[in-house]
1. Grab every C-alpha pair in the stretch 334-439, bin the distances at 10 angstrom width from 0 up to the longest one, and report whole percents.
2. Going Cα to Cα from K348, which aspartates and glutamates come in below 14 Å? Please leave out same-chain ones fewer than 8 positions away.
3. Accessible surface of S188 in the full protein assembly, 1.4 angstrom probe, to the nearest 10 Å²?
4. Keeping to pairs on different chains or 8 or more places apart, tell me how many lysine pairs in the stretch 163-264 have Cα atoms under 23 Å apart.
5. Which order do K253, K161 take by accessible area at a 1.4 Å probe, largest first?
6. Round to a whole angstrom and tell me the spacing of the C-alpha centers of the stretch 379-398 and the stretch 252-276.
7. Between V425 and N398, what is the spin-label point distance in nm, taking each point 7 Å from the Cα along the Cα→C-beta axis?
8. With a 1.4 Å probe and all protein chains kept in place, how much accessible area does L82 have, in Å² rounded to the nearest 10?
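The values are calculated or read from the model by the stated rules, or taken from the named source; none is laboratory data. Quick caveat: nothing in here was measured; it's all calculated off a predicted structure. Neighbour counts run over all protein chains shown; Cβ positions are idealised from the backbone, glycine included. The protein model used for the area step is the full one, side chains on, heavy atoms only, and it has no ligands, DNA or RNA in it. Shrake-Rupley method; radii C 1.70, N 1.55, O 1.52, S 1.80 Å.
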Amino acid sequence: MPPRQSVPRLRRKKQTVQMDSSIRSLLLTLVGIFAITAIGLTLEYNREAALLLKKGGAATAKRFFRSSSSRSAATTSTSHLLPLVPVLPAFAPPVESEKEAAMLEKETISGKNPTMAGLVLILQTFLIQLHLANQELMKEHNGKNLPAEVAMQTFYKVANKYIRPFEQRYKGELIFPIRKDENSIFLSLAAYREHLLADTLQYAFKNAKNPDKLYVGAVVQNCFGKVDSEDYSSFDATGKPCRTGLQVTGKDKAGRDMTKMSDAPPDINGIDVFCNNPDFKKYCDNGQIRVLYVHSSGSLGPAMARYHASKLWGGETYFMQCDSHLQFAEHWDAKYIDEIQATSNYPKSILSSYPPGFQEGHGDGTVEESPGARLCRCETIESSPNPIVRLNVGRNYNGDEERPTQIPFIAAGFFFARAEFLRDVPFDPYLPWCFMGEE
């Protein structure tokens, strides 16, 4: 890896605003406690929706999946996807010209001529300004940890300036028209330092019945290196500029795990691995992969990452959100489409459940389909320091049901819906550093 990676600088507004890794541990303690109240929204999950994925780390493999840890007019136009936003190198700007970038951003915010490039520019500008704002705060506090309320106030101030105008313009409508009669699928992936991201993408495309109709929006939150304090797109990747998570080093006398954190090289970029694989490179070249890069030190948590990923939707017929460490069953795409269309209230139905687990490195990678389980249980653990409602699966399906069964909850780890979902139940852009309970 070169001593320093620098791509053409992302356009930066004059106002300075930013976020530092030294405050991240404090900010992550702000656990948002909330639940989705699905009034008037019917959530359905079927016995076959369990057919298609798998979640790593767990030994039990249930269902069909596996996971390791207004503008509604019909049209076939894809002009809003041009110019194609580059997926590599990381943090590359959508366009080189600052004048063109300003025009694309302005036309997207105003609704005059929204484009994917303009949308990515808006998100990049927000991340840059938040990064700079937090750098200024760290200077004011002499590098010490910031009070949580100060960090939150800064986030809301920056979000209100750079995200709110965009959100208000498209409230109650889709940004782009749905490409009807195409049966295309948009796959939303929020990946935090995910070493299985490339595998997930390869499974998705390799086992899809119609891979040419599959589009991915990935928010890649990696440690790419030491971030330049003044230039968000520049970082030093030499040596070991990153840190591992907690590593178990042994047991103490009481039998408890002993842990430590160590210096580490930059994270592997799963997008880089996937796009440089000859079998999958074409999907990156033709615009089926869309990426927003975020430095892990400036990560805003899964709720915000999923919000950002949802904005990479480009008019596909179906919207699917799932974990970024999955294995997919054969023809998973066609099976989900058939299944959701079999629901009694299609197109307002949503397929959802928690993906079952798999053990990384075990087996031949084949996902065995099974009936699955209903997502219909919840509980609150009062002994928890921050008691919240936790969702869980209930009784398994028999496998011979005529159609999906209605359920009361939706799981962030997997759901599949018509793209109108983004208009009817849009993601909240004001939920930073929210992990447990974000569903």
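1. 11, 36, 34, 17, 1
2. Partners found: E44, E339, E420, D424.
3. Number for this one is 0 Å².
4. On the way: K171/K180; K180/K209; K180/K213; K226/K240; K226/K260; K240/K260; K251/K260.
Close lysine pairs found across the stretch 163-264: 7.
5. Values: K253 215, K161 105 Å².
Ranked from most to least accessible, the order is K253, K161.
6. About 29 Å separates the Cα centre of the stretch 379-398 from the one of the stretch 252-276.
7. The modelled label-to-label distance comes out at 2.8 nm.
8. About 100 Å², rounded to the nearest 10.
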